[in-house]
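Notes for the one structure printed next.
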Amino acid sequence: MLKPYTVKLEERQIEALKKLSEETKIPQAELLRQAVDLLLEKWAKDRERLEFLRRVDADLDEDREALEKLARL
């Protein structure tokens with residue numbers, strides 16, 4: 001279901017969007033929907049990558065603590 005959504009764009013964005021729409025024969029609204037989907041995919045991947053790095057850091061901290069305990073023995 002499509003719902004209206006109002007957004008303000010810079011003039012350069014509007015002109016580029018119009019030009020792309022004319023060149024591709026894809027309506028501007030569809031191009032904007034595709035752009036939003038691409039942005040959402042990018043952020044989802046970035047979140048997954050950040051979560052992975054957090055887990056790696058946590059594992060490294062645990063390993064570091066264990067090695068420090070072993071070194072004191």
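Here, each number is a calculation from the coordinates, and none is a lab measurement. Worth saying up front: this structure is predicted, and the values here are computed from it rather than measured. Glycine gets a Cβ as well: all are built from the backbone with ideal geometry, and neighbour counts include every protein chain shown.
Roughly speaking, what is the centre-to-centre gap between segment 17-44 and segment 50-73 when only Cα atoms are used, to the nearest Å?
44
Among E30, E51, E11, determine the one that fluctuates most according to a GNM of the chain built with springs between C-alpha atoms less than 10 Å apart.
Ranking E30, E51, E11 by mean-square fluctuation puts E11 first.
What are the trypsin sites (Lys or Arg not before Pro) within segment 2-50 that DSSP puts in a loop, where the Cβ has at most 12 other Cβ atoms within 10 Å?
K8, K25
K18: which lysines have alpha carbons under 19 Å from its alpha carbon, excluding same-chain residues fewer than 8 sequence positions away?
Filter leaves K8.
Calculate the translational D of the chain in whole µm² s⁻¹ from Stokes-Einstein, where the hydrodynamic radius comes from the Kirkwood formula applied to all Cα pairs, the temperature is 4 °C and the viscosity 1.567 mPa s.
Rounded, D is 79 µm²/s.
Relative to the first principal axis of the alpha-carbon coordinates of the chain, what is the inclination of helix 28-72, with its axis defined by its Cα atoms, in degrees from 0 to 90 and to the nearest 10?
10
What FRET efficiency, computed as 1/(1 + (r/R0)^6) with R0 = 25 Å and r the Cβ-Cβ distance, is obtained for A16 and A44, rounded to the nearest 0.05?
After rounding, the FRET efficiency stands at 0.50.
Using the Cα centre as the reference, give the magnitude of the dipole from point charges on the C-beta atoms of the chain (Lys, Arg: +1; Asp, Glu: -1; all else neutral), rounded to the nearest 20 debye. Provide the component values of the computation, followed by the final result.
Working: 16 positive and 18 negative charges, 61 e Å.
Here the size comes out at about 300 debye.
Can you sort R55, R72 from fewest to most other Cβ atoms within 10 Å of each residue's own Cβ?
Ranked by crowding around the Cβ, least crowded first: R72, R55.
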